[in-house]
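Structure first, commentary second.
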Amino acid sequence: MLTINIDENEVKKMCRERVEELVKEVDSEYVFWDSTELKKRTCMSWNTIQDNFFFDPRFPKVKVGGKWYFPVKETRDFLKTWLLEQR
């Protein structure tokens with residue numbers, strides 16, 4: 001018979017660290033988002049985005065042809081600030 005003892009806290013810590021690594025990998029893959037990704041990341045419709053912050057001069061956006069693009073880091077920073085301002 002074989003008995004294995006596992007430290008549950010250590011396993012949780014290892015899982016948490018791995019999840020953080022994977023999230024960083026996924027986030028680092030994007031340089032910018034398009035409007036579809038912005039809607040997904042904010043859980044907002046396009047109309048809600050436009051009504052709430054799209055026209056804020058601080059909101060980073062670039063229109064290329066007929067499509068809007070949003071630099072990931074700057075957009076994340078703006079969205080965090082904007083959300084805290086909504087209190």
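A few notes on this one:
- Estimated distance in nm for a label pair at ILE4 and ARG87, the labels positioned 7 Å out from Cα along Cα-to-Cβ: 4.6 nm
- Relative contact order, percent, the chain [alpha-carbon distance under 8 Å, six or more residues apart]: 27 percent
- Here each label is just a point 7 Å from Cα along the line to Cβ, and for PHE55 and LYS73 those points are 3.1 nm apart.
- Shown in residue order for segment 56-65 are the 3J(HN,Hα) couplings computed by the Karplus curve 6.51 cos²θ - 1.76 cosθ + 1.60 at θ = phi - 60°: 5, x, 7, 6, x, 7, 9, 9, 10, x Hz (x for Gly and Pro).
- The GNM of the chain, with springs linking C-alpha atoms under 10 angstrom apart, assigns the highest mean-square fluctuation among GLU20, GLU74, GLU37 to GLU20.
- Here the accessible area is traced with a 1.4 Å probe on the protein chains. For the chain, carbon and sulfur cover 56 percent of it.
- Tally of Lys pairs whose C-alpha atoms are under 24 Å apart, taken over the chain, 8 or more apart or cross-chain: 22
- Label of the coordinate-derived value, Kirkwood radius over Cα pairs in Å, listed as (1) 15.7; (2) 15.3; (3) 13.2: (1)
- Probing with 1.4 Å while keeping every protein chain in the model, the per residue accessible area of the chain equals 81 Å².
The values are calculated or read from the model by the stated rules, or taken from the named source; none is laboratory data. Keep in mind the model is a prediction, meaning the values are calculated, not measured. Every residue, glycine among them, receives a Cβ derived from its backbone with ideal geometry; neighbour counts consider all protein chains shown. Note: areas computed on protein heavy atoms with side chains; ligands, DNA, RNA excluded. Shrake-Rupley method; radii C 1.70, N 1.55, O 1.52, S 1.80 Å.
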